[in-house]
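The values are calculated or read from the model by the stated rules, or taken from the named source; none is laboratory data. These figures come from a predicted structure and were not determined experimentally. Virtual Cβ from ideal backbone geometry, glycine too; neighbours counted across all protein chains shown.
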Amino acid sequence: TVGCSKCHIPSMTGDLGEVPLYSDLLLHEIMDSPRIGIVDGAAGIHEFRTAPLWGISQTAPYLHDGSADTLDEAIRGHQGEAHDVIDAYEALSASDRAALIAFLETL
């Protein structure tokens, strides 16, 4: 309900069926100045390919530059296209935010 699934789609159809990827594998503008990435192929300095979330609990630190030590920091670190999603996440109760983090840790 927060909106993460706009980019982190729960599953995609592959040649062998559904893949629980939690990504759309597309480029999205999720960084604002002054934080920038690097131009990489079709990706501009504020764009990143949606990272798959499966196994996310095992891949800290998070974000392209490793600036987020926790999943909460990673969620809050999204910018650009994700502003509304961050606002919705921050509007959740502490227990609902904890439940969302707990869910992510199961992927």
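Among the residues of region 60-73, not one is closer than 17 Å to L100 by Cβ, modelled with pLDDT under 95 and of a type in the set (S, T, N, Q).
Among S5, S11, S23, which is surrounded by 12 or more Cβ atoms within 10 Å (Cβ to Cβ), at pLDDT 85 or above, in contact with a strand residue (DSSP E or B) (Cβ under 7 Å, 6 or more places away or on another chain) and among the hydroxyl-bearing types (S, T, Y)? The match here is S11.
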